[in-house]
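The values are calculated or read from the model by the stated rules, or taken from the named source; none is laboratory data. Predicted model, so just to flag it, every value in this text is computed and none were measured. Cβ sites come from the backbone with ideal geometry, for glycine too, and all protein chains shown count toward neighbours.
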Amino acid sequence: MHGVADADWLAAMRERIDFLVEKEGENLAVEHHQEETATRVANLVNKGVVWEKVWSHPLILSACRYIFEGEFKISSLNAREALYNGGHQPLHADWKKPRPDFPKVHLVNTIWAIDDLYAANGAPRIIPATHLRPELPEEVLEDVGLPHPDEVIFEAPAGSVMIYNAHAWHGGTTNREGSRRRVLHGLYIDRADTAQQDQRRWLTPETASRLTPAQKWLLDVE
(Lines give C-alpha, C1' and ligand atoms only; values in the text may rest on other atoms or scores of the structure.)
Protein backbone atom coordinates (compact mmCIF):
# COMPACT_ATOMS: atom_id res chain seq x y z
CA MET A 1 0.00 0.00 0.00
CA HIS A 2 1.39 3.39 -0.99
CA GLY A 3 0.88 6.64 0.89
CA VAL A 4 0.12 5.19 4.31
CA ALA A 5 2.47 7.66 6.02
CA ASP A 6 2.59 11.29 4.90
CA ALA A 7 5.66 13.54 4.74
CA ASP A 8 5.29 14.99 8.24
CA TRP A 9 4.82 11.59 9.86
CA LEU A 10 7.79 10.18 7.93
CA ALA A 11 9.98 13.07 9.06
CA ALA A 12 9.00 12.46 12.69
CA MET A 13 9.75 8.74 12.43
CA ARG A 14 13.12 9.32 10.77
CA GLU A 15 14.09 11.80 13.44
CA ARG A 16 13.03 9.43 16.21
CA ILE A 17 14.92 6.46 14.77
CA ASP A 18 18.12 8.46 14.48
CA PHE A 19 17.67 9.85 17.99
CA LEU A 20 17.24 6.35 19.44
CA VAL A 21 20.27 4.99 17.58
CA GLU A 22 22.43 7.73 19.08
CA LYS A 23 20.88 7.45 22.53
CA GLU A 24 21.08 3.67 22.90
CA GLY A 25 24.56 3.21 21.44
CA GLU A 26 25.96 -0.20 22.38
CA ASN A 27 22.62 -1.15 23.94
CA LEU A 28 20.78 -1.05 20.62
CA ALA A 29 18.24 -3.84 20.20
CA VAL A 30 19.01 -5.56 23.51
CA GLU A 31 15.33 -6.53 23.55
CA HIS A 32 15.79 -8.45 20.29
CA HIS A 33 19.16 -8.90 18.57
CA GLN A 34 21.84 -6.92 16.78
CA GLU A 35 23.36 -7.37 13.32
CA GLU A 36 26.88 -6.65 12.14
CA THR A 37 25.79 -5.08 8.85
CA ALA A 38 22.52 -3.42 9.84
CA THR A 39 21.38 -1.09 12.59
CA ARG A 40 18.42 -2.27 14.64
CA VAL A 41 16.24 -0.57 17.23
CA ALA A 42 13.85 -2.84 19.14
CA ASN A 43 10.76 -2.49 21.31
CA LEU A 44 9.54 0.70 19.66
CA VAL A 45 6.18 0.23 21.36
CA ASN A 46 7.82 1.84 24.41
CA LYS A 47 10.00 4.38 22.63
CA GLY A 48 7.78 7.20 21.49
CA VAL A 49 4.25 8.38 20.80
CA VAL A 50 5.03 8.50 17.07
CA TRP A 51 4.94 4.69 16.88
CA GLU A 52 1.44 4.24 18.26
CA LYS A 53 -0.14 5.09 14.91
CA VAL A 54 2.08 2.42 13.35
CA TRP A 55 1.24 -0.66 15.37
CA SER A 56 -2.45 0.25 15.78
CA HIS A 57 -3.09 1.53 12.25
CA PRO A 58 -6.62 0.48 11.18
CA LEU A 59 -5.58 -0.53 7.65
CA ILE A 60 -2.91 -2.83 9.05
CA LEU A 61 -5.24 -4.32 11.63
CA SER A 62 -7.90 -4.95 8.99
CA ALA A 63 -5.41 -6.80 6.81
CA CYS A 64 -4.20 -8.84 9.78
CA ARG A 65 -7.74 -9.82 10.67
CA TYR A 66 -8.29 -11.01 7.11
CA ILE A 67 -5.08 -13.05 7.02
CA PHE A 68 -5.29 -14.55 10.51
CA GLU A 69 -9.04 -15.26 10.32
CA GLY A 70 -9.04 -14.97 14.10
CA GLU A 71 -7.70 -13.03 17.06
CA PHE A 72 -4.13 -11.77 17.12
CA LYS A 73 -1.84 -9.40 19.02
CA ILE A 74 1.32 -7.35 18.57
CA SER A 75 4.45 -9.47 18.60
CA SER A 76 6.99 -6.66 18.16
CA LEU A 77 7.78 -3.36 16.48
CA ASN A 78 11.42 -2.86 15.48
CA ALA A 79 13.41 -0.63 13.12
CA ARG A 80 16.17 -1.84 10.81
CA GLU A 81 18.57 -0.04 8.48
CA ALA A 82 20.86 -1.94 6.12
CA LEU A 83 24.30 -0.30 6.11
CA TYR A 84 26.50 0.31 3.06
CA ASN A 85 27.46 -3.05 1.51
CA GLY A 86 25.49 -4.78 4.25
CA GLY A 87 22.02 -5.89 5.19
CA HIS A 88 21.84 -9.10 3.15
CA GLN A 89 19.84 -11.85 4.83
CA PRO A 90 19.34 -15.48 3.89
CA LEU A 91 15.87 -16.40 2.79
CA HIS A 92 13.91 -17.28 5.89
CA ALA A 93 10.44 -17.62 7.32
CA ASP A 94 9.71 -15.82 10.58
CA TRP A 95 8.02 -18.89 12.11
CA LYS A 96 10.65 -21.52 12.94
CA LYS A 97 8.53 -24.01 14.87
CA PRO A 98 6.96 -27.18 13.42
CA ARG A 99 3.58 -26.64 11.77
CA PRO A 100 1.38 -29.64 12.58
CA ASP A 101 -1.58 -27.30 12.10
CA PHE A 102 -0.46 -26.20 8.59
CA PRO A 103 -1.72 -24.04 6.88
CA LYS A 104 -2.77 -22.11 10.00
CA VAL A 105 -1.26 -18.61 10.06
CA HIS A 106 0.83 -17.83 13.13
CA LEU A 107 2.54 -14.62 11.98
CA VAL A 108 1.84 -11.61 9.79
CA ASN A 109 4.61 -9.11 9.16
CA THR A 110 4.57 -5.54 7.90
CA ILE A 111 7.45 -3.59 6.41
CA TRP A 112 7.08 0.17 6.56
CA ALA A 113 9.27 2.06 4.09
CA ILE A 114 10.63 5.01 6.07
CA ASP A 115 12.96 5.81 3.17
CA ASP A 116 12.51 4.98 -0.51
CA LEU A 117 13.21 1.28 -1.09
CA TYR A 118 14.75 -0.06 -4.29
CA ALA A 119 17.08 -2.84 -5.37
CA ALA A 120 20.28 -0.78 -5.11
CA ASN A 121 19.75 0.17 -1.46
CA GLY A 122 18.79 -3.27 -0.20
CA ALA A 123 15.03 -3.49 -0.56
CA PRO A 124 13.55 -6.71 0.87
CA ARG A 125 12.87 -9.70 -1.34
CA ILE A 126 10.00 -12.16 -0.99
CA ILE A 127 9.14 -15.42 -2.74
CA PRO A 128 5.42 -15.35 -3.56
CA ALA A 129 3.22 -18.29 -2.52
CA THR A 130 5.85 -19.89 -0.26
CA HIS A 131 3.53 -19.38 2.71
CA LEU A 132 1.61 -22.29 1.18
CA ARG A 133 4.60 -24.61 1.65
CA PRO A 134 5.11 -26.38 4.99
CA GLU A 135 8.91 -26.50 4.59
CA LEU A 136 11.40 -23.89 5.70
CA PRO A 137 13.71 -22.58 2.95
CA GLU A 138 16.80 -24.03 4.62
CA GLU A 139 15.19 -27.47 4.37
CA VAL A 140 14.79 -27.40 0.59
CA LEU A 141 17.20 -24.85 -0.90
CA GLU A 142 20.86 -25.60 -1.48
CA ASP A 143 21.90 -22.06 -0.53
CA VAL A 144 19.41 -19.69 1.13
CA GLY A 145 21.78 -16.77 0.58
CA LEU A 146 21.60 -16.86 -3.21
CA PRO A 147 19.06 -15.03 -5.38
CA HIS A 148 15.91 -17.06 -6.01
CA PRO A 149 14.42 -17.25 -9.53
CA ASP A 150 10.97 -16.37 -8.21
CA GLU A 151 11.94 -13.56 -5.86
CA VAL A 152 10.21 -10.20 -6.01
CA ILE A 153 11.94 -7.07 -4.72
CA PHE A 154 9.80 -4.77 -2.57
CA GLU A 155 10.58 -1.50 -4.31
CA ALA A 156 8.37 1.30 -3.03
CA PRO A 157 8.42 4.98 -2.13
CA ALA A 158 8.73 6.11 1.46
CA GLY A 159 5.40 5.94 3.24
CA SER A 160 4.46 2.58 1.71
CA VAL A 161 3.74 -0.59 3.68
CA MET A 162 4.05 -4.22 2.61
CA ILE A 163 1.85 -6.65 4.54
CA TYR A 164 2.53 -10.34 4.16
CA ASN A 165 2.00 -13.77 5.65
CA ALA A 166 5.28 -14.20 7.54
CA HIS A 167 5.46 -17.91 6.77
CA ALA A 168 6.50 -16.75 3.28
CA TRP A 169 10.22 -16.89 2.53
CA HIS A 170 11.81 -13.46 2.51
CA GLY A 171 14.95 -11.53 3.43
CA GLY A 172 16.81 -8.26 3.15
CA THR A 173 19.19 -7.62 0.26
CA THR A 174 22.50 -5.75 0.13
CA ASN A 175 22.58 -1.96 0.28
CA ARG A 176 25.00 -1.56 -2.61
CA GLU A 177 24.85 2.23 -2.87
CA GLY A 178 24.80 3.25 0.77
CA SER A 179 21.72 5.48 0.79
CA ARG A 180 19.46 5.58 3.84
CA ARG A 181 17.27 2.51 4.01
CA ARG A 182 15.27 2.66 7.24
CA VAL A 183 12.27 0.38 7.65
CA LEU A 184 9.95 -0.68 10.43
CA HIS A 185 9.02 -4.30 11.03
CA GLY A 186 5.62 -4.52 12.69
CA LEU A 187 5.05 -8.17 13.54
CA TYR A 188 1.68 -9.60 14.58
CA ILE A 189 1.08 -13.05 16.02
CA ASP A 190 -1.81 -15.41 16.69
CA ARG A 191 -3.22 -14.49 20.08
CA ALA A 192 -2.51 -17.94 21.53
CA ASP A 193 1.21 -17.78 20.65
CA THR A 194 4.08 -16.10 22.52
CA ALA A 195 5.03 -12.59 21.38
CA GLN A 196 8.60 -11.78 20.37
CA GLN A 197 8.54 -8.86 22.81
CA ASP A 198 6.04 -9.67 25.55
CA GLN A 199 4.60 -6.34 26.64
CA ARG A 200 3.55 -7.80 29.98
CA ARG A 201 7.29 -7.62 30.62
CA TRP A 202 8.31 -4.54 28.61
CA LEU A 203 5.41 -2.09 28.80
CA THR A 204 6.40 1.05 30.71
CA PRO A 205 4.00 3.00 32.94
CA GLU A 206 4.49 6.05 30.68
CA THR A 207 3.38 4.12 27.60
CA ALA A 208 0.53 2.41 29.42
CA SER A 209 -0.82 5.76 30.62
CA ARG A 210 -1.44 6.87 27.01
CA LEU A 211 -3.09 3.73 25.69
CA THR A 212 -6.76 3.10 25.07
CA PRO A 213 -8.38 -0.15 26.25
CA ALA A 214 -8.35 -1.38 22.64
CA GLN A 215 -4.61 -0.71 22.32
CA LYS A 216 -3.93 -2.51 25.60
CA TRP A 217 -5.93 -5.47 24.31
CA LEU A 218 -3.87 -5.47 21.13
CA LEU A 219 -0.70 -5.59 23.23
CA ASP A 220 -2.24 -8.37 25.36
CA VAL A 221 -1.60 -6.54 28.61
CA GLU A 222 -5.15 -6.69 29.90
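Per-residue answers, yes or no, for (1) farther than 17 Å from residue 89 by Cα; (2) touching a residue at least 60 places away in the same chain (Cβ under 8 Å); (3) aromatic (Phe, Trp, Tyr):
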{"site": "121", "(1), (2), (3)": "no, yes, no"}
{"site": "124", "(1), (2), (3)": "no, no, no"}
{"site": "134", "(1), (2), (3)": "yes, no, no"}
{"site": "149", "(1), (2), (3)": "no, no, no"}
{"site": "153", "(1), (2), (3)": "no, no, no"}
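I'd like the residue in the stretch 193-205 that is in contact (Cβ under 8 Å) with a residue 60 or more places away in the chain and in a loop (DSSP other than H, G, I, E, B) and, out of all such residues, is farthest from residue 103 (Cα to Cα). I'd like the intermediate steps shown before the answer.
As a first pass, look at the stretch 193-205 and keep what is in contact (Cβ under 8 Å) with a residue 60 or more places away in the chain: 193, 195-197, 199, 202-204.
Those left that are additionally in a loop (DSSP other than H, G, I, E, B): 193, 195-197, 203-204.
Numbers: 193: 15, 195: 20, 196: 21, 197: 24, 203: 32, 204: 36 Å.
Per the stated criteria, the residue is 204.
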**Fill in**
Restricting the stretch 150-188 to residues that are charged (D, E, K, R) and surrounded by fewer than 20 Cβ atoms within 10 Å (Cβ to Cβ), the one farthest from residue 9 (Cα to Cα) turns out to be 150
**Message:** Filter the stretch 206-215 down to the residues that are of a type in the set (D, E, K, R) and outside any helix (DSSP H, G or I) and list them by number.
**Reply:** none
**Fill in**
Within the stretch 66-80, residues surrounded by fewer than 18 Cβ atoms within 10 Å (Cβ to Cβ) and either of a type in the set (D, E, K, R) or in a loop (DSSP other than H, G, I, E, B) (or both) come out as 69, 70, 71
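Can you report the number of residues in the stretch 46-60 which are hydrophobic (A, V, I, L, M, F, W, C), over 14 Å from the mean Cα position of the chain (by Cα), under 14 Å from residue 211 (Cβ atoms) and surrounded by 14 or more Cβ atoms within 10 Å (Cβ to Cβ)?
Looking only at the stretch 46-60, we keep the residues that are hydrophobic (A, V, I, L, M, F, W, C), and these are 49-51, 54-55, 59-60.
Add one more test, that the residue is over 14 Å from the mean Cα position of the chain (by Cα), and what stays is 49-50, 59.
Next, from what is left, pick out any that are under 14 Å from residue 211 (Cβ atoms): 49.
Then keep just the ones that are surrounded by 14 or more Cβ atoms within 10 Å (Cβ to Cβ); that gives none.
Adding up the residues that qualify gives 0.
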**Message:** Just to verify a result, which residue in the stretch 81-130, among those that are of a type in the set (S, T, N, Q) and in a loop (DSSP other than H, G, I, E, B), is surrounded by the most Cβ atoms within 10 Å (Cβ to Cβ)?
**Reply:** 89
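Quick check on my filter: what residues within the stretch 8-26 are of a type in the set (A, V, I, L, M) and without any contact (Cβ under 8 Å) to a residue 12 or more places away in the chain? So that I can check it myself, show each step before the final result.
Initial filter on the stretch 8-26 (of a type in the set (A, V, I, L, M)): 10-13, 17, 20-21.
Correct list: 11 only.
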**Complete:** Inside the stretch 90-119, the number of residues satisfying the requirement of being over 16 Å from residue 152 (Cβ atoms) and more than 15 Å from the chain's Cα centre (by Cα) is 12
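In the list 29, 5, 63, which residue meets the criterion of being of a type in the set (Gly, Ala, Ser), in contact (Cβ under 8 Å) with a residue 40 or more places away in the chain, in a helix (DSSP H, G or I) and surrounded by 15 or more Cβ atoms within 10 Å (Cβ to Cβ)? Show your work before the answer.
Details: 29 fails: in a helix (DSSP H, G or I); 5 fails: in a helix (DSSP H, G or I).
Among 29, 5, 63, only 63 is of a type in the set (Gly, Ala, Ser), in contact (Cβ under 8 Å) with a residue 40 or more places away in the chain, in a helix (DSSP H, G or I) and surrounded by 15 or more Cβ atoms within 10 Å (Cβ to Cβ).
Test residue 147 against the criterion of being surrounded by fewer than 17 Cβ atoms within 10 Å (Cβ to Cβ), modelled with pLDDT of 95 or more and not basic (Lys, Arg), and give yes or no.
When the stated conditions are applied, residue 147 passes them.
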**Asked** Looking at the stretch 32-45, which of the residues that are touching a residue at least 60 places away in the same chain (Cβ under 8 Å) and buried (at least 18 other Cβ atoms within 10 Å of the Cβ) is nearest to residue 121 (Cα to Cα)?
**Response** 38
